[in-house]
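As C-alpha cells, the structure follows; a few thoughts come after it.
The values are calculated or read from the model by the stated rules, or taken from the named source; none is laboratory data. From a predicted model like this one, the values you see are computed outputs, not experimental measurements. Here the Cβ positions follow ideal geometry from the backbone for every residue, glycine too, while neighbour counts run over all protein chains shown. Protein only, heavy atoms only, side chains kept; ligands, DNA and RNA dropped before computing areas. Shrake-Rupley method; radii C 1.70, N 1.55, O 1.52, S 1.80 Å.
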Amino acid sequence: TWKKESFLYSDSSFMAFFDFFLVQGNWEKAKMLPDAVILTESAAIRIFGSREVVGRTFQDVDDFNNASRTYRIAGVMPDFPPQTRFEAKAGLVLNPADDKTLKGGYDDSAEVWVRLVPGTDEKQLNEKLTTWLDKHPEWKESRKVPQKISLYSQVQAREEFRWTLPLLLTGIGFLVL
C-alpha cells in the first residue's frame, strides 16, 4: 500500500502557538532550519518503522514537474490530538524554502491561525479588516486574503458537507440500481 503523506507548512511559531513539544530532537535547532521536518510519532513508525528518526531523510517526488526534494527529519512530536484539523497530517514542514512558497506561488486555500489577545472584540477586529481591505483592493482581488476572522468554535460548528470518495461511489451505485 502506498500513501503520499500530507504535511502542514508553517513557520517556527507553530509549536509555541499550539503548545506542542518535541519528544525527540532539539527545538531551538529545528526552528532555525529551512524545510525542517517534524514528524508525528505514528508517521515516524509508518514511514521508517521506528520513532528514532532524527537526522534521517526522505525524498518527495514531484512527477508533474519531473523533480524531487530531499527532506531531513529534525524532530518527532506526539501525534496531533484526535478530532482536530491536523490529525490526518504526518507532521510539519517548518520554514518551507521552496521557490513556490518563497514567491507566494501557491494558489490553494490555506487556514491561517491567529491567537487573539484575551478580551479582543472579534466584531471590531472584522470591521478593521474590512476597512483595511477596502483601502488595498489589489490584495483583495489578487490574493485570497481572508475577509473575516472566525472563532475556532464557530468554524467547528458550521463544518460544511464534503463529498468523499466512498460517498460518491455509493451515490453512483444507487444511480446504477
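Across the stretch 77-90, not a single residue is classified as among the hydrophobic types (A, V, I, L, M, F, W, C), surrounded by 12 or more Cβ atoms within 10 Å (Cβ to Cβ), farther than 16 Å from SER6 by Cβ and at pLDDT 80 or above. Among the residues making up the stretch 9-42, those that are open to solvent by less than 70 Å² (accessible area, probe 1.4 Å), at negative phi and among the charged types (D, E, K, R) are LYS31, GLU41. Selection of the stretch 55-70 for residues being open to solvent by 70 Å² or more (accessible area, probe 1.4 Å) and in contact (Cβ under 8 Å) with a residue 12 or more places away in the chain yields ARG56, GLN59, ARG69, THR70.
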